[in-house]
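**Student:** The following block contains the structure, expressed as structure tokens.
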Amino acid sequence: MHRNVRHGRIGWVRPGRVVSDDERGLLIFVAREAPVAHEVTEAGLGMRAMPFAEWITSSYRLELGRWTGPALLKFLPVGAAHSVWWFSDEAGRFSHWYVNLEEPGVRWDDGDVAGVDIVDQDLDVVVRPDRSWRWKDEEEFVERLAFPDHYWVTDERAVRAEGERVIARAEAGEFPFDGTWCDFAAPPDWGPPDALPAGWNRPPAR
């Protein structure tokens, strides 16, 4: 279970198959139409559907759904304050890298179900195959920083500095922006599970 945690609450959950787990980090595969959960207000609205000032005064629940994006790989480098995702197009060909800035993951293992909990720091970087890049969700990041008593990001400079470090590696074509896993093809039987497994919503590990 790849889970985002906000102030001790689960923000979203995505199940993935472990592709590799070694000294470099954890690589997981999320299938198209995978069962997911995400936090919404009692009215069923997500955080992006309203101003942050309204979101922080709402009550919340977790809503089940399906991953509507393409199948993708997610790589969580050991101890790093980011993960790197490989997106593909409708034909399954590599499209771009997505750098998700986040607090280093905390793993948990309950036997029948295991996972890693992160704190998504909202600001992201999109890296194209030619290694050109752009910041993503910067307006949301800045909007939420104006509410320090409620926002889970406490150090804007640290988040931006991490992004800049990863951008430098991307521009230089260093791992994992060197073509590694860009031709990954999941086995045919790696389709989405029918439902999230029991224990997916266990208390956050962080």
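The values are calculated or read from the model by the stated rules, or taken from the named source; none is laboratory data. Keep in mind the model is a prediction, meaning the values are calculated, not measured. Cβ sites come from the backbone with ideal geometry, for glycine too, and all protein chains shown count toward neighbours. Areas reflect the complete protein model, heavy atoms only, side chains present, ligands, DNA and RNA absent. Shrake-Rupley method; radii C 1.70, N 1.55, O 1.52, S 1.80 Å.
**Student:** With respect to V116, is the statement that it is in a helix (DSSP H, G or I) and open to solvent by less than 20 Å² (accessible area, probe 1.4 Å) true?
**Tutor:** On the way: in a helix (DSSP H, G or I): no; open to solvent by less than 20 Å² (accessible area, probe 1.4 Å): yes.
Taking the combined requirement at face value, the residue does not satisfy it.
**Student:** Looking only at segment 173-188, decide whether some residue is modelled with pLDDT of 95 or more, over 20 Å from R14 (Cβ atoms), open to solvent by 70 Å² or more (accessible area, probe 1.4 Å) and not in a loop (DSSP other than H, G, I, E, B).
**Tutor:** no
**Student:** Moving on to the next point. Could you list, in sequence order, the residues of segment 80-110 that are surrounded by fewer than 15 Cβ atoms within 10 Å (Cβ to Cβ) and either at pLDDT below 95 or in contact with a His (Cβ under 7 Å, 6 or more places away or on another chain) (or both)?
**Tutor:** Answer for segment 80-110, where residues must be surrounded by fewer than 15 Cβ atoms within 10 Å (Cβ to Cβ) and either at pLDDT below 95 or in contact with a His (Cβ under 7 Å, 6 or more places away or on another chain) (or both): D89, E90, A91, G92, R93.
**Student:** Something else about it: For R131, indicate whether it is open to solvent by 30 Å² or more (accessible area, probe 1.4 Å), touching a helix residue (DSSP H, G or I) at 6+ places or on another chain (Cβ under 7 Å) and farther than 25 Å from R32 by Cβ. Spell out how you get there, then give the answer.
**Tutor:** Details: open to solvent by 30 Å² or more (accessible area, probe 1.4 Å): yes; touching a helix residue (DSSP H, G or I) at 6+ places or on another chain (Cβ under 7 Å): yes; farther than 25 Å from R32 by Cβ: yes.
Spelling it out, R131 is indeed open to solvent by 30 Å² or more (accessible area, probe 1.4 Å), touching a helix residue (DSSP H, G or I) at 6+ places or on another chain (Cβ under 7 Å) and farther than 25 Å from R32 by Cβ.
**Student:** Which of the residues belonging to segment 36-57 are over 15 Å from the mean Cα position of the chain (by Cα) and assigned to a strand (DSSP E or B)? Step through it out loud before you land on a result.
**Tutor:** Restricting attention to segment 36-57, the residues satisfying the condition of being over 15 Å from the mean Cα position of the chain (by Cα) are 40-57.
Passing the criteria: V40, T41.
**Student:** Identify, please: which residue in segment 10-31 is farther than 19 Å from W190 by Cβ and small (G, A, S) and is, among those, surrounded by the most Cβ atoms within 10 Å (Cβ to Cβ)? Can you show your working first?
**Tutor:** Taking segment 10-31 first, the residues farther than 19 Å from W190 by Cβ are 10-12, 22-25.
Next, only the ones that are small (G, A, S) stay: 11, 25.
Values: G11: 21, G25: 17.
Filtering first and then ranking leaves G11.
**Student:** How many residues does segment 1-31 hold that are under 12 Å from the mean Cα position of the chain (by Cα), part of a loop (DSSP other than H, G, I, E, B) and closer than 20 Å to I56 by Cα?
**Tutor:** Qualifying residue count for the region: 0.
**Student:** Can you confirm whether segment 156-171 contains a residue that is assigned to a loop (DSSP other than H, G, I, E, B) and not aromatic (F, W, Y)? Steps first, please.
**Tutor:** Applying the first criterion (assigned to a loop (DSSP other than H, G, I, E, B)) to segment 156-171 yields none.
The answer is no; no qualifying residue exists.
**Student:** Still on this structure: I need the full set of residues from segment 1-43 which are within 24 Å of W152 (Cα to Cα) and polar (S, T, N, Q), in order please.
**Tutor:** Of everything in segment 1-43, those that are within 24 Å of W152 (Cα to Cα) and polar (S, T, N, Q) turn out to be N4, T41.
**Student:** Show the residue pairs meeting these rules: Cβ distance below 7 Å; 6+ apart or different chains; first residue within segment 56-80 and within 16 Å of A186 (Cα to Cα); second residue modelled with pLDDT under 95 and among the polar types (S, T, N, Q).
**Tutor:** Matching pairs, first to second residue: P70/S88; A71/S88; L72/S88.
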